[in-house]
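Engineer: The following block contains the structure, expressed as structure tokens.
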Amino acid sequence: MSDLTNSHAAESSISGLAPLEAVLFDVDGTLCDSDPMHYHAFRELLLEIGYNNGVPITEEDFIEKIAGKHNEDIGKALFPDWDHEKAVKFIDDKEAMFRRLASQQLNAVDGLYKLRKWIEDRGLKCAAVTNAPRPNAELMISILGLSDFFQHVIVGSECERAKPFPDPYLKAVKLLNASLEHSLVFEDSASGIKAGVAAGIPVVGVMTRNPEKSLRDAGASLLIKDYNDQKLWKALEDLERVEATLKKADV
């Protein structure tokens, strides 16, 4: 399928959500480019314990084994021979280092506040849906000035199953009192995209760091560079056009 056909299919998929009720955002990598800070924290702490014979993990290792995954799964993947408590302690130390870095370095993905205004102008419902621990998620949302923007923050570890299972997105839509058929997800990882798709919600993949192919293969309806991407705004214009037609039909 050509890029043009792909783009048209994506716009049709999003315009089919009319009337849009809710917009759901992942946090890490979707609201902010936080992966470099996670990578730095993991690399430094793994070096301290002599992981991989003292060879630093690469960004490719980070993307493959860590990015977008739930901490419980990361602990098992990195330390299959460790007991649970020891792995949890390492991950907790890493998250504390991440929060220190985020407090100094966190920035929004380009165009995020433009999209925020579009969402607020239409009175849409909003939730953050993340596999990050709640202290991380709430810190990032606060630094970005989005605490009042989200009606709910749903955390994977507080659901029966975290992403890539659909449970966090299903919980978000239920808490917002919205419908799956009229909701839209923004995600940056294959794990998160799979969760949105499994919930039955079209997903816009934000290409912050993860490979384009992995996001496409996970089932993203549309791939964008950031929130200034013209492909996104074309899709939202098409959605508004369909909504206007529906309103006229109801009159």
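Engineer: Tell me which trypsin sites (Lys or Arg not before Pro) from region 127-231 have a DSSP coil assignment and no more than 14 other beta carbons within 10 Å of their own. Numbers along the way, then the final one.
Structural biologist: Values: sites: ARG161, LYS171, LYS174, LYS194, ARG209, LYS213, ARG216, LYS225, LYS231; in loops: ARG161, ARG209, LYS225.
Taking region 127-231 and a limit of 14 other Cβ atoms within 10 Å, the loop trypsin sites (Lys or Arg not before Pro) found are ARG161.
Engineer: Note down the relative contact order for the chain as a percent, whole number, built from C-alpha pairs under 8 angstrom at least six residues apart.
Structural biologist: Details: 401 pairs, mean separation 74.0, N = 251.
Over the chain, the number comes to 29 percent.
Engineer: So if R0 is 25 Å, what FRET efficiency would HIS40 and ASN228 give, r being the distance between their Cβ atoms, rounded to the nearest 0.05?
Structural biologist: The pair HIS40/ASN228 has a calculated efficiency of 0.40.
Engineer: For ASP81 and GLN151, what is the calculated FRET efficiency with R₀ set at 25 Å and r taken between the beta-carbons, to the nearest 0.05?
Structural biologist: The calculated FRET efficiency here is 0.05.
Engineer: Return one whole number: the accessible area per residue of region 188-232 in Å², for a 1.4 Å probe. Kindly include the intermediate steps, with their values, before the conclusion.
Structural biologist: Working: 1710 Å² over 45 residues.
For region 188-232, the solvent-accessible area averages 38 Å² per residue.
Engineer: Check CYS32: other-chain or 5+ apart residues with amide H under 5 Å from its amide H, H built from backbone geometry?
Structural biologist: Residues meeting the amide H criterion: VAL109.
Engineer: Could you check which residue among GLY50, GLY16, GLY29 shows the biggest mean-square fluctuation in a GNM of the chain with a 10 Å Cα cutoff?
Structural biologist: For the chain, modelled as a Gaussian network with Cα springs under 10 Å, the answer is GLY50.
Engineer: Which semi-axis lengths, in whole Å and largest first, follow from the square roots of five times the eigenvalues of the Cα gyration tensor of the chain? List each step's numbers first, then the result.
Structural biologist: Numbers: eigenvalues 225, 65, 53 Å².
For the chain, the ellipsoid semi-axes come out as 34, 18, 16 Å.
Engineer: Let me ask something else. Taking +1 at the Cβ of each Lys and Arg and -1 at the Cβ of each Asp and Glu, which of SER15, ALA108, SER142 sits farthest along the dipole of the chain towards its positive end, judged by Cα position relative to the Cα centre?
Structural biologist: With unit charges placed on the Cβ atoms, the residue in question is SER15.
Engineer: While we're here: Could you work out what % of the accessible surface of the chain is carbon and sulfur, using a 1.4 angstrom probe and leaving DNA, RNA and ligands out of the count?
Structural biologist: Exposed carbon and sulfur together represent 51 percent of the surface.
Engineer: For region 130-251, what log10 I(q)/I(0) values come out of the Debye formula at q = 0.09 1/Å, with one point per alpha carbon and no solvent?
Structural biologist: Debye output, listed in q order: -0.28.
Engineer: Place +1 on the Cβ of every Lys and Arg and -1 on the Cβ of every Asp and Glu in the chain, take the dipole about the Cα centre, and give the residue among SER183, LEU46, ALA195 whose Cα lies farthest towards its positive end.
Structural biologist: Farthest towards the positive end: SER183.
The values are calculated or read from the model by the stated rules, or taken from the named source; none is laboratory data. Bear in mind the structure is a predicted one, so any value in this text is a computation, not a measurement. Ideal geometry is used to build each Cβ from the backbone, glycine not excepted, and the neighbour counts take in all protein chains shown. Heads up: the accessible areas ignore ligands, DNA and RNA and are worked out on the full protein's heavy atoms, side chains in. Shrake-Rupley method; radii C 1.70, N 1.55, O 1.52, S 1.80 Å.
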